[in-house]
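Asks: Before we start, here is the structure in question, set down as structure tokens.
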Amino acid sequence: MSLMTDLKYALRSFGRAKGLAITVVVTLALGIGANAAIFSVVQGVLLRPLVNREPDRLIYIRQSAPGIGVTNANFSVPELKDLQARVKSLTAFGDFSTIEFTMVGLGEPRTVRAGVVGGSYFEVMGLKPVMGRLLGPSDDGPKADGAAILTYRFWTSAFKSDPNVIGKKITLSDRPETIVGVLEPSVPYPQETEIIANVVTSPHHLDATMVDGRVHRMTELFGRLAPGASLDEARAELRVAHAAMLQAHPEAYEKQADFRIDARNLGDEIIAPARTILLILLAAAGLVFIVACSNVANLILARSVRREGELAVRAALGATNVALRRTLLAESVLLCGTGAILAVAIAQPMVALLTRYAARFSVRAHDVTVDSSLLWVGAGLAIAAAVLLAYVPRLPSADSANGATLVGRGVRLTTGTNRRLRLFAVTQIAASFMLVAGAGMLIASLFALQRQTTGLRGTVLAVNVPPVSYNRKPEEVSRFYKEALRRIGQLPGVETVALGTVVPWRDPGFFAAQFTVEGYQKANGEEDPRAQFRTVSQGFFDSLGVKLIAGRDFNEGDRHDGEKVVIVSETVARRMFPNQDAVNRHMMWTDPVTKFIGVSNGPRRIVGIVQDLDDEHLVPEPVMTVYHPMDQEMNGGRIFIHAKMDPYSLVPSVTKVIRDLASDQPVERPATLDDIRTEVLAPTRVNAMVFGGFAGVALLIAVVGVAGVLAFSVSARTREFGIRLAIGSTPRSLLLRVLREGAAIGIGGIVTGAVGGLVLARVIGSFIPDVEIPGAVPVIGAATVLVLAAVIASLTPAARASRVDVVCALRAE
């Protein structure tokens, strides 16, 4: 009953201080809402258990080659067979290969990303169908019927959750398939696929190059721990088996590559890419909460000083410290509860925004929804804030209760109270400094990337036109693309058109292989260098604006039955032929993997040298690339169009040209190189925007806090300022004095924030190794912004101090 009385009293009290109540509620709502939203995303991505059966027994097995910078080399079929024969701590292995098919039979022809799996895959993964069945051992082998499983997301989007989908026929790259099931909602790891099919669906998987090629690595492996086996035991057994493989087949594992094998729990593997960014984001939200609570604590403390007389009267009338503290707690609960309710309303749209942001790092974010955890987090933070705010003010002392503070009127700001106000203000500046410096680092990185010049024509239109069928002969595919290029080149407004292997920045990491050149002498123990393998048509370099440095471009004479020729990048020529002319010299592929894609290891004459075209990195680096003419090594699928008009206006005409040649041919993802680069930069831009938003909110709250501290200080020191003016101080000196106080608060917060940020970075770095500390420019910029903000926040209180009326000030207490 007494609590209800206190709540009613608190409501009447804040009714007389609406401005203070609104400021406190909105500030707390921002702090609590940001934390509740971030925690909802963190809970959904990092903490939510997998739907897989016994996920703690499900592991992901990774082979890497750090010596050549390959973090995930995947596995070949012979390697999988070796591991199956030697490793006993796993009940079974699940294999998954990612491949793209052209799907016909469901609206427009389109490219779908598919997973090709063996019959043990779904049993190992511990997943269930929502309709139909999943693939099993009966679906293995070259004589099995083509069978496909739809992922849940694809079923709901492309098939509109059609309950009659089971048994429908589709065509994947000229092969008929039957839809036999729909997979339950689950994390699409290792790739976000639309279809999962059996091995017979992919002719490549049945080819001897895939079945027998030890270096033909395109399969990812999963395993399920046997009863009683631990992850450490499985990891040790895998390493022993892997070492035996390396020893038995040295020709397949180049020494320089340093091949290794490791295993980790699948859940840890899935969340690894998102863990760093989400934990940093959670820390940022925590800093905003600290800033918000510090600001509110300042307001509550300042108000409590003005209420010293009221509290002293209540104490003199018999109120105990417990009763007084309960009154303050009721006021805090009222404010924080209202702030929490508003925070939940704010957090819901924030969750939607942050989910789209987190989806760039983890596919699990697609399934994050607003649930009861948001309410619990909001309530928990509100309670923590309420308790903190209830114990910030000091209660009247025994002397106060006896009436010592009842004499006179006005407000006296004690030294202790002033110190606590400044402490909270410094805390706000410190937390804001860490956020502003971090956001500054991200913004500086974004500007640096945007300033980079690529050397390519940004208005060139890139269109994906992948081969519709794996059954076509190379000559047929070449004729198709040649005719397409000829017809597109005749369209009005088209200046040049060409074919290439990859779209810069959108299709990174295509293929690199070992090679050598005539006369090249390796050092002892040195491996052959690696170069990017690319296929381009005549006019490719001209279309993209890549400069031909020496020699010639490809021409009509570079046919399949003619002399094998290549064009090399400037870095290849400089490294392999120092102080020599590379044109008319010869290079040879030496990598054993080239034979699996039908590339001969014979000599090829270098007919030209072009400037480096780094099609993987946003910041161009020297790159070793070897280009082949389209007729000699067919591996295209990307058409590039340089036009003297809006390139997007050509898309309907280009699509018609392609469809006239092949009605079932996909024409997808048209975009200019400038827009592709902008899209690739999007995660960096969103990082800067998200952290910049947190920093902006914290900075705004901190500025209000500094202004409030100084305004209260000026109000409480009116008599002091009047005396200073009376004995000769000028208004200008008082103005500068208050401005210096504001700057001192800012500098104190910056120093505290710098030390705290360094400590925090080291602590986080012990768990997250890739945490970066902002450089000098972001730190200096953040410090400058905060000092200026503190000085600007001081202007109004300083101006008020300089305009104090001497007579009125001397009469004040």
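The values are calculated or read from the model by the stated rules, or taken from the named source; none is laboratory data. Since we're looking at a predicted model, the values are computed, not measured. Counting neighbours? That spans all protein chains shown, and the Cβs are built from the backbone with ideal geometry, glycine included. What goes into the accessible areas is simple: the full protein's heavy atoms, side chains included, and nothing from ligands, DNA or RNA. Shrake-Rupley method; radii C 1.70, N 1.55, O 1.52, S 1.80 Å.
Asks: Criterion first (at pLDDT below 90 and in contact with a Ser or Thr (Cβ under 7 Å, 6 or more places away or on another chain)) does residue 151 satisfy it? First the steps, then the outcome.
Replies: Values: at pLDDT below 90: no; in contact with a Ser or Thr (Cβ under 7 Å, 6 or more places away or on another chain): yes.
No.
Asks: If you don't mind, another one. Condition first: in contact with a helix residue (DSSP H, G or I) (Cβ under 8 Å, 6 or more places away or on another chain) and modelled with pLDDT under 90. Now tell me which residues in region 518-532 satisfy that. Let's see the steps before the verdict.
Replies: Of region 518-532, the ones in contact with a helix residue (DSSP H, G or I) (Cβ under 8 Å, 6 or more places away or on another chain) are 520, 525-527, 529-531.
Within region 518-532, 520, 525, 526, 527, 529, 530 qualify.
Asks: Just need a number here: residues in region 777-796 that are more than 30 Å from residue 732 (Cβ to Cβ) and either open to solvent by 70 Å² or more (accessible area, probe 1.4 Å) or modelled with pLDDT under 65 (or both).
Replies: 1
Asks: Out of 153, 175, which single residue is among the charged types (D, E, K, R) and without any contact (Cβ under 8 Å) to a residue 40 or more places away in the chain? Steps first, answer last, please.
Replies: Values: 153 fails: without any contact (Cβ under 8 Å) to a residue 40 or more places away in the chain.
After applying the criteria, what remains is 175.
Asks: Of the residues that make up region 41-59, is at least one in contact with a strand residue (DSSP E or B) (Cβ under 7 Å, 6 or more places away or on another chain) and either of a type in the set (Gly, Ala, Ser) or on the phi > 0 side of the Ramachandran plot (or both)? Let's see the steps before the verdict.
Replies: Pass one, region 41-59, residues in contact with a strand residue (DSSP E or B) (Cβ under 7 Å, 6 or more places away or on another chain): 52, 56-59.
Subset that is either of a type in the set (Gly, Ala, Ser) or on the phi > 0 side of the Ramachandran plot (or both): none.
There is no residue in region 41-59 that is in contact with a strand residue (DSSP E or B) (Cβ under 7 Å, 6 or more places away or on another chain) and either of a type in the set (Gly, Ala, Ser) or on the phi > 0 side of the Ramachandran plot (or both).
Asks: Continuing with this model, one more query. Of all residues in region 221-257, how many are acidic (Asp, Glu) and loosely packed, with under 14 Cβ neighbours inside 10 Å?
Replies: Here is the first cut: in region 221-257, the residues acidic (Asp, Glu) are 232-233, 237, 251, 254.
After this cut, where a residue has to be loosely packed, with under 14 Cβ neighbours inside 10 Å as well, the list is 232, 251.
Of the residues in that region, 2 qualify.
Asks: While we're here: Can you pull out the residues in region 552-570 that are among the polar types (S, T, N, Q) and either crowded, with 18+ Cβ neighbours inside 10 Å or touching a strand residue (DSSP E or B) at 6+ places or on another chain (Cβ under 8 Å) (or both)?
Replies: Taking region 552-570 first, the residues among the polar types (S, T, N, Q) are 555, 569.
Result: 569, single match.
Asks: Next question. Considering region 659-683 alone, what residues qualify as being of a type outside the set (Asp, Glu), touching a Lys or Arg at 6+ places or on another chain (Cβ under 9 Å) and more than 27 Å from residue 356 (Cβ to Cβ)?
Replies: 661, 665, 667
Asks: Taking helices (runs of 4 or more DSSP H) that do not extend beyond region 101-220, which have at least 2 residues that are open to solvent by 20 Å² or more (accessible area, probe 1.4 Å)?
Replies: Working: elements: 121-125, 152-158, 203-206, 208-212.
Where helices (runs of 4 or more DSSP H) fall fully within region 101-220 and carry at least 2 residues being open to solvent by 20 Å² or more (accessible area, probe 1.4 Å), they are 152-158, 203-206, 208-212.
Asks: Additional query: I want to confirm something. Restricting to region 55-74 and keeping residues that are in a loop (DSSP other than H, G, I, E, B) and open to solvent by 50 Å² or more (accessible area, probe 1.4 Å), which single residue is farthest from residue 187 (Cα to Cα)?
Replies: Within region 55-74, the subset in a loop (DSSP other than H, G, I, E, B) is 69, 71-74.
Still in the list and also open to solvent by 50 Å² or more (accessible area, probe 1.4 Å): 69, 71.
Numbers: 69: 27, 71: 21 Å.
Here the residue is 69.
Asks: For the subset of region 89-109 comprising residues that are in contact with an Asp or Glu (Cβ under 7 Å, 6 or more places away or on another chain) and not hydroxyl-bearing (Ser, Thr, Tyr), which member is modelled with the highest pLDDT?
Replies: Per the stated criteria, the residue is 96.
Asks: Tell me which residues, restricted to region 563-583, are more than 37 Å from the chain's Cα centre (by Cα) and closer than 24 Å to residue 638 by Cβ.
Replies: Hits for region 563-583 are 564, 565, 566.
Asks: Hey, can you tell me all the residues within region 33-54 that are outside any loop (DSSP other than H, G, I, E, B) and over 21 Å from residue 340 (Cβ atoms)?
Replies: Within region 33-54, 45, 46, 47 qualify.
Asks: Say we look at region 563-581 and pick out the residues that are out of contact with any Pro (no Cβ under 9 Å at 6 or more places or on another chain) and more than 21 Å from residue 527 (Cβ to Cβ); which of these is modelled with the lowest pLDDT?
Replies: So, considering only residues that are out of contact with any Pro (no Cβ under 9 Å at 6 or more places or on another chain) and more than 21 Å from residue 527 (Cβ to Cβ), the one modelled with the lowest pLDDT is 579.
Asks: Within the set of pairs 6+ apart or on separate chains, which have a first residue in region 634-654 that is charged (D, E, K, R), a second that is part of a loop (DSSP other than H, G, I, E, B), and C-beta atoms under 8 Å apart?
Replies: From region 634-654, the pairs are 638/465; 638/501; 638/502; 638/503; 638/507; 644/493.
Asks: Part of a helix (DSSP H, G or I) and either open to solvent by 20 Å² or more (accessible area, probe 1.4 Å) or at pLDDT 80 or above (or both): does that describe residue 26?
Replies: On the way: part of a helix (DSSP H, G or I): yes; either open to solvent by 20 Å² or more (accessible area, probe 1.4 Å) or at pLDDT 80 or above (or both): yes.
For residue 26, the condition - part of a helix (DSSP H, G or I) and either open to solvent by 20 Å² or more (accessible area, probe 1.4 Å) or at pLDDT 80 or above (or both) - is met.
Asks: Identify all residues within region 541-551 that are part of a helix (DSSP H, G or I) and either open to solvent by 10 Å² or more (accessible area, probe 1.4 Å) or without any contact (Cβ under 8 Å) to a residue 40 or more places away in the chain (or both); write none if there are none. Please lay out each step first, then the result.
Replies: Within region 541-551, the subset part of a helix (DSSP H, G or I) is 541-544.
Residue satisfying the conditions is 542 alone.
Asks: With 655, 684 as the choices, which residue is part of a helix (DSSP H, G or I), surrounded by 15 or more Cβ atoms within 10 Å (Cβ to Cβ), polar (S, T, N, Q) and modelled with pLDDT under 90?
Replies: Working: 655 fails: modelled with pLDDT under 90.
Of 655, 684, the one residue that is part of a helix (DSSP H, G or I), surrounded by 15 or more Cβ atoms within 10 Å (Cβ to Cβ), polar (S, T, N, Q) and modelled with pLDDT under 90 is 684.
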